[in-house]
Every structure is written in structure tokens, then in C-alpha cells.
Amino acid sequence: MILEQYYIECLSHASYLIGDESTGRAVVVDPRRDIGEYLDDAGKHGLRIEGVINTHFHADFVSGHLELVEATGAWIGFGEAAETDYPIRRLRDGEQIRLGEVELEILSTPGHTWESISVLVRERAGVTPTAVLTGDSLFIGDVGRPDLVNLGHGSTTDLARAMYRTVHEKLLTLPDQVTVMPAHGAGSSCGKNLSTELTSTIGEQRATNPSVQPMSEDAFVALVTEGQPAAPSYFSVDAAMNKRVHPLLAQDRAIPELSPERVRAELVAGTRLVDARSVDDFAAGHLHGSVNVGFDGRFAETGGMVAEVGEKLVLITYPGEEQDAAVRLARIGSDDTLGYLTVGRDGLFPAELADLVQVARRTTVDELDALLPADAVTLVDIRNPGEREFGTIPGAVPIPLAQLRTRLEQVPTGKPIVVHCAGGWRSSVAASLLRAQGFENVSDLLGGYNAWAEAHVPA
């Protein structure tokens, strides 16, 4: 049996290749749009990909099932409740898919979405399963949230109750030694307490996962519906894209380098400039109107927070990172990257753009402490609700980063604005977005809430 996991930190996303060496037959589970790794590894192992299984309609990225169908002729499988604009194989609860000696068994596991399934993997028919690919049902350290994108019938509470039954009547009935292999890890907005571990076991989760401990159904519903991260607006767009036929990602696509004159023209035209350099380099000098989404962080998901899917973009990157940055954006459906401009680690922009370069204002904790008592500043907390449960700076206006672009009218004006997150990466995104949207005198808090708490909250 071949069982490969492919994990990308940028989206905290895991996908899988499962194959049978004796027959050369294989399937891919929850693929991303850039499918080269699956094809290369299938070729290396002598496998042919004959099926693509999506455990549910993904919301945080555009699945690569259509790209794999074009490349291999594979069938596409979804849970029975799925409705799509393209032909699918409806996978029912208990259905077995034989790849040869290797056997897959479909488990209907609704709760994150109605069509959600998990995939049991056995090396041979009739033996104890080796692994269960749980999609967004059972995570390591948590379970999938029921309020993300409900494309079926019923309420969030109904989905939460379905998840309770999925966990206790399906997944936790598996043997303790079965390896748990979910579709997401730490940082994903699909849950709130996901572990950095990429695999676990049913036994470990039974013992350590707070969300699957014995509790009443009502207590479980309350647990999984409160304190979830704010979902980016692009999630509903991607979930809908995954239901229909849409343009494929060209696997050999390369975005062009743009001249300084073209970059200036795009700025004048209102094109969104996404500066993928580090927070410190961006603060030291950037083009007026650009938004800082560092390539060293959750670039794809955060890019979807600052620009609409389908919006034209220009990238500013360090040399050598431009094509990868464009691919990461394409994974969430942002295919309209017009091109790029590179800036070295020295921070020097082309002389033709020198008049557009500006420095970002940053505020220290001491400076904030002097401003707050005098009511001389508007403080905006862009952390997620679950983060704020551990402490807040008094007087801060809570607007999660994922919602900032659509809630600009709720940002008070008339005073200088200071934005803070936990450590300082996201606040650079938010402050630059506000400046790009016309807000004046905006800065971000150096070190974020963590720096403020270190100075004010007893250990």
C-alpha cells in the first residue's frame, strides 16, 4: 500500500495519494489545484490515478478535482448529499472501493457539512483499518466547525448535532490504533484548537482531544459553535466554485514581470498591490496604496481576506518568490494576478517609483499607554473571538481581520488609529489595508497584544 500525505503550511491543508502497488491503481483525496506532486509521485510508484475523492465541498481552497480529471480521466467522488454541476460518483455510507488488495471504505460523517465523508484505508480486505482520512470531521485536537459554509438544508445547530453523532457513533468506535489523517492542521479557520501534529490515532484523540470527551449533546453544540475564528469572505466563493465547472489552473502558468511604469499605471487604475515582503521590510519602505501580506505567513488565506476572488492583483515580492506566490493565490481561486515587481532585501525600489515609496508608522506599547488615557487614539483589535477570550486591551474595538475589508464603516475615524493582533504580523496587514482604503494616520502596535500583556498582565 502507498499512502502519501501532502501538507502545505500556507493553508494548513493536507491531501493524500492512496495506491496499490500490486495493481497500480490509485486515488487522490482532497487535492489542491497545482497537481504536479500527485502526478509525479504516481509516476514514481508506477500508479495510475483513477479516482478523486473530496471529503466535502472545501471552503478555504479550490479543489483540484477538475485538474486531475483533465490530466488522468479519473472519476470524482463525493458523499451522497453532494450536488454538483459536473458528473460525480456518489459515495454511500459503507461503500467499499477496491484498488486491488488495498480497500477503501466510505463513512458518512456529516457535521462540518452535510455531504462530509471520511475514508477508511485497509491494506487488505477484512483487516483492521490502517488509517482514517477524516476530512474536516475529526481534527487532531478538535472537530470541524459546523458554522462555516452550510450548502445544504438545516441550521448550524443541526450540523453540530450531526457532528456529535459522527464523532461518538462513527469515528470513536474505530480501534484505538487507527491513524487519524485529517484535511487540516494548526492555523486553519476550519476549527479553533487544531494541533501542529499532522497525524494521530483514534486512541490518542479519545484521550486528549477536548472536543470528543464524554459530554451531553447540548454541551457539545455549545462547545463547537462558540469562539470560532472569523471566516474570510472568500470561503463561500470557493465552496460554490467547488460545486460547479470553473476554469482550470494551467499547471505551467507563469506570471510576467511588470515594468515600473506598468506598476504605476495599475496603482492609478486602482489595482490591488499585494506586497509579500516581511513586516519589517514593508514598514521600512513600500509603495503608497500597497497591502502587506507577508509570504512568510498564511499568505494565501490572508490574501483572500484583503482582495476579492476575481480581483486583479499585482505582486511585490523578493526575487524568486513571485511564481510561488501566484500559485498560492490561485489555490484559493485568485487567478487574476497580472504580474510582479521584485524588490531585493535591501528594500530599494526602482528609481521610477521612488516618489511613491513611504514608511509605515508603528506604535510602541509605551506610546499606546500614553495615548489611551487621553482618549487620543482609536484602538482596533483584529484578533479572532477565541483569542480575545484570553485577554483584551481595554477600549479596543474588535473587528477580526477576516471581516475588516467588509466592515470598514465600523472603524471609528477622527482620531489616529492603532491596529493590533497577537504578535504583529496580521496587524501590518490590517493597517496597510486601512491606509490603502483611504484611512489616515494608521499605525500598527509593535509586538501586538503579546507585548502589551507582557508589560501589563502579571505572570
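The values are calculated or read from the model by the stated rules, or taken from the named source; none is laboratory data. Computed from a prediction, not measured in an experiment: that's the story for all the values here. Note: ideal-geometry Cβ built from the backbone for every residue, glycine included; neighbour counts use all protein chains shown. Note: accessible area is taken over every heavy atom of the protein model, side chains too, but ligands, DNA and RNA are not part of it. Shrake-Rupley method; radii C 1.70, N 1.55, O 1.52, S 1.80 Å.
Just a few scattered comments:
- Efficiency of FRET between Val245 and Glu169 - r from beta-carbon atoms, R0 45 angstrom, step 0.05: 0.80
- Dividing the Cα radius of gyration of region 1-75 by its Kirkwood radius returns 0.94 for Rg/Rh.
- 5 angstrom amide H check on Gly339, placed H, neighbours 5+ away: Leu315
- Ligands, DNA and RNA excluded, the heavy atoms of Cys190 present near 0 Å² of accessible surface to a 1.4 Å solvent probe.
- The apolar share of the surface of region 375-441, taken as the fraction of accessible area on carbon and sulfur atoms (1.4 Å probe, ligands and nucleic acids excluded), comes to 52 percent.
- Other residues with beta-carbon under 15 Å from the beta-carbon of Gly141 carry, at +1 per Lys or Arg and -1 per Asp or Glu, a net charge of -1.
- All alpha carbon pair distances within region 182-227 were sorted into 5 Å bins beginning at 0; the resulting P(r) in whole percents reads 5, 19, 25, 27, 19, 5.
- Accessible area of region 102-224 belonging to carbon and sulfur atoms, whole % at 1.4 Å probe: 49 percent
- Using the Cβ of Arg124 as centre and a radius below 15 Å, the other residues enclosed give a net charge of -3, where K and R count +1 and D and E count -1.
- The largest-to-smallest principal axis extents of the Cα set in region 1-240 are 48, 38, 31 Å.
- Stretch gain in nm, segment Ala354-Ser259, where the contour uses 0.36 nm per residue and the Cα spacing is subtracted: 32.8 nm
- Charge dipole (Cα centre; +1 on Lys/Arg Cβ, -1 on Asp/Glu Cβ; no other charges) of the chain amounts to roughly 520 debye.
- Kirkwood-type radius of the chain, with distances r between different C-alpha atoms, in Å: 23.4 Å
- Counted over all Cα-Cα pairs of region 258-356, pairs farther apart than 19 Å make up 33 percent.
- Pairs of alpha carbons in region 360-454 whose separation is greater than 23 Å (percent): 12 percent
- Each residue was assigned an accessible area with a 1.4 Å probe, and for Leu194 the value is about 20 Å².
- Accessible area in the full protein assembly, largest first, 1.4 Å probe, for Tyr340, Tyr16: Tyr340, Tyr16
- Region 258-356, accessible surface, carbon-and-sulfur percent (1.4 angstrom probe): 52 percent
- Where the chain is the region considered: accessible area per residue in Å², 1.4 Å probe: 38 Å²
- Note on region 315-382: Kirkwood radius taken over Cα pairs, Stokes-Einstein applied at 10 °C and 1.306 mPa s, translational D equal to 101 µm² s⁻¹.
- The slack between Arg92 and Ala370, meaning 0.36 nm per residue of separation minus the straight C-alpha distance, is 93.8 nm.
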